1. Around residue 34, which amide H atoms from residues at least 5 apart in sequence, or from another chain, sit under 5 Å from its own amide H, with H modelled in the peptide plane?
2. Taking H as built 1.01 Å from N, whose amide H comes closer than 5 Å to the amide H of residue 102, not counting residues under 5 places away?
3. Of the accessible area of the stretch 44-178, with the probe set at 1.4 angstrom, what percent is carbon plus sulfur?
4. Select from the stretch 288-325 those chymotrypsin sites (Phe, Trp or Tyr not before Pro) which occupy a DSSP coil region and have at most 16 other Cβ atoms within 10 Å, ordered by residue number.
5. Which net charge results for the neighbourhood of residue 84, defined as the other residues with beta-carbon distances under 12 angstrom from its beta-carbon, given Lys and Arg at +1 and Asp and Glu at -1?
6. With an 8 Å Cα cut-off and a minimum separation of 6 or more residues, compute the relative contact order for the stretch 159-244 in percent.
7. Residues with amide H under 5 Å of residue 299's amide H, sequence separation 5 or more or different chain, H placed in the peptide plane at 1.01 Å from N; which?
8. For the stretch 150-166, what does the Karplus curve 6.51 cos²θ - 1.76 cosθ + 1.60, with θ = phi - 60°, yield as ³J(HN,Hα) per residue in whole Hz, taken in order and with x for Gly and Pro?
Amino acid sequence: MSVVLLVVGVVIGVAYIYRHIVVKGKRCTSKAKLHGKTVIVTDCCFSSAGSNTGIGKTTAIDLAQRGARVILACRCKQRGEAALEEIRRESGSTQVVFMQLDLGNLKSIRSFAESFLKSEPRLDILINNAGVCLQGQTEDGFGLMFGVNHLGHFLLTNLLLDRLKECTPSRIINVSSMAHNFGKIDFDCLNSHKALGLGTSFIRLLQIYCDSKLCNVLFNHELAKRLRGTQVTCYALHPGAISSELGRNTGLFLQIVLKPITTFFFKNTIQGCQTTLHCALQEGIEPLSGRYFSNCTVRDLFAKARDDAAAKKLWEISERLCGLV
């Protein structure tokens, strides 16, 4: 009995340490005010991630409270406008704007960029926050996760880059995931099928998601090289496992079963947006452009996530697929 109690005590102790260090984590300590600054936060509305719910919405509220003009770039007009009212109410700011953007449609991305550049004189922070973990294809025939998680943000960033350069110092934040550690890039599949992988099984779904998150990190790596000397900096990050996102497509019974687990072991949206805010606001991290952050701390990457040749090849394929060359 004493051994059992000891084991139970150790498990409980480890769980509470995990919750304190990993789940609660560090917080963004920047006191920066953003009056006169403009920020874009992207969303896709395929899931609960993004600027209209989840960590994107919490990020937008914080930035609006600091005085920023916040553009909610959302796919779904109804959900985006609902989020707009909630963010305005919670932040007390009227400088929050909804603009429709479908990251799975290259025409929509170009239309958004054109409208934004005509109507908004500034862009100081671009937060590429949206992401999906779903099967399917985009309007342009790309694998959905490749098209939305990587290619849509790749095109958007490139179309807005000149405005960011005009408003320096400015930043680009690429929300990735620790899942990138399990990713790989099949360039043959990209060239032949315009997708990161084929197959419809749950395991294939998770693998392709990991692959898309590796694309985010490699994009950030190559982007930093191309931005040297411009005073535009970029950062990739892992926000943590967020409780609001787990089980969104599961049945009610499973959600009830999972709720105590996710509440204890996963971050809430306020905890989950802290590393995004750190990368967007923290003073003095400009020399860390191109690096990867987790828990408001810069982290080292495995070799495949900082592979110069792979990052350059992905960039060149993305340029071709987007029609930028």
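The values are calculated or read from the model by the stated rules, or taken from the named source; none is laboratory data. Because the structure is a prediction, the values reported are computed rather than measured. Here Cβ is always computed from backbone atoms with ideal geometry, including for glycine, and neighbour counts include all displayed protein chains. Side chains included, ligands, DNA and RNA excluded: accessible areas come from the protein's heavy atoms. Shrake-Rupley method; radii C 1.70, N 1.55, O 1.52, S 1.80 Å.
1. 67, 68
2. 109
3. Numbers: 2130 of 4690 Å².
Looking at the stretch 44-178 in its full context, I get 45 percent from C and S.
4. Numbers: sites: 292, 293, 302, 315; in loops: 302.
Sparse-neighbourhood loop chymotrypsin sites (Phe, Trp or Tyr not before Pro): 302.
5. On the way: positive: 57, 77, 79, 88, 89; negative: 43, 81, 85, 86, 90.
It works out to a net charge of 0.
6. Working: 109 pairs, mean separation 38.8, N = 86.
The value is 45 percent.
7. 292, 293, 294
8. Values, residue by residue: 10, 5, x, 5, 4, 5, 4, 4, 5, 5, 9, 4, 5, 5, 4, 5, 6 Hz.
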